[in-house]
Amino acid sequence: MNPPPSRVGAARIGIGGPVGSGKTALIERLIPAFAARGVSLAIVTNDLVTAEDAERIRRSGLIDPARVAAVEAGACPHTVIREDPTLNIAAADDLEALFPDVELILIESGGDNLASTFSLDLVDWWMFVIDVAGGDDIPRKNGPGVLKCDLLVVNKTDLAPYVGVDLAAMAAQAATARAGRPMALTNCRSNEGVDTIADRILSDVLFR
């Protein structure tokens, strides 16, 4: 008896980071960026006890609302992206079943602290989003999210002059902490740096 044919599913990208760092805003910018690159996309959001982020993206008009699934963690956001990612795996599987053309699924964690990391049972590659208004000492704290992610995103660069942050110094400290591993500076309000992230995902994850 022949084994069933192998199936290569959609690539799964994790997006983690503290509350307010701009994860959902980044997704809203990545949606048209991937559409312009011909990538079929779906999204899973995580919130504690609501579907607020999912509803925001559904209402945006940027993507078919049916392609956005919501997971309610109900507890520490770490749990459903690291210790037991079953709910997120099931949500991503359901999206793939509904939309067989999907190539890429973005999985946004609930807002969490610098210790947040993704299980590799859930994602193939993940990024961690911090913002300059959260403090220029974040890179020096050596949190696992900052150190272990495939791509560190430093968002809200436009706010640096208003919160007393030396952006160049913060970026240099982040580069040192990450031993030169990839980093991107973004201002999601103006779309600055978003294309760089989309292109990196295309090359590093989708191999295009």
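The values are calculated or read from the model by the stated rules, or taken from the named source; none is laboratory data. These numbers come from a predicted model, not from an experiment. With ideal geometry, Cβ positions are generated from the backbone for all residues, glycine too; neighbour counts draw on all protein chains shown. The area values use the complete protein model at the heavy-atom level, side chains included, leaving out ligands, DNA and RNA. Shrake-Rupley method; radii C 1.70, N 1.55, O 1.52, S 1.80 Å.
Looking only at the stretch 31-42, decide whether some residue is part of a loop (DSSP other than H, G, I, E, B), modelled with pLDDT of 95 or more and of a type in the set (Phe, Trp, Tyr). No, that holds for no residue. The residues on offer are GLY9, GLY20, GLY38, and the sole one that is closer than 18 Å to LEU120 by Cα, open to solvent by 10 Å² or more (accessible area, probe 1.4 Å) and not acidic (Asp, Glu) is GLY9.
Between VAL102, VAL154, VAL132, the distinction of being crowded, with 17+ Cβ neighbours inside 10 Å and under 16 Å from the mean Cα position of the chain (by Cα) belongs to VAL154 only. Selection of the stretch 184-206 for residues being assigned to a helix (DSSP H, G or I), buried (at least 18 other Cβ atoms within 10 Å of the Cβ) and among the hydroxyl-bearing types (Ser, Thr, Tyr) yields an empty set.
With respect to being over 18 Å from PRO18 (Cα atoms) and in contact with a Gly (Cβ under 6 Å, 6 or more places away or on another chain), GLU96 fits the description. Screening HIS78 on (1) open to solvent by less than 60 Å² (accessible area, probe 1.4 Å); (2) at pLDDT below 95; (3) in a loop (DSSP other than H, G, I, E, B) shows it passes everything except condition (3).
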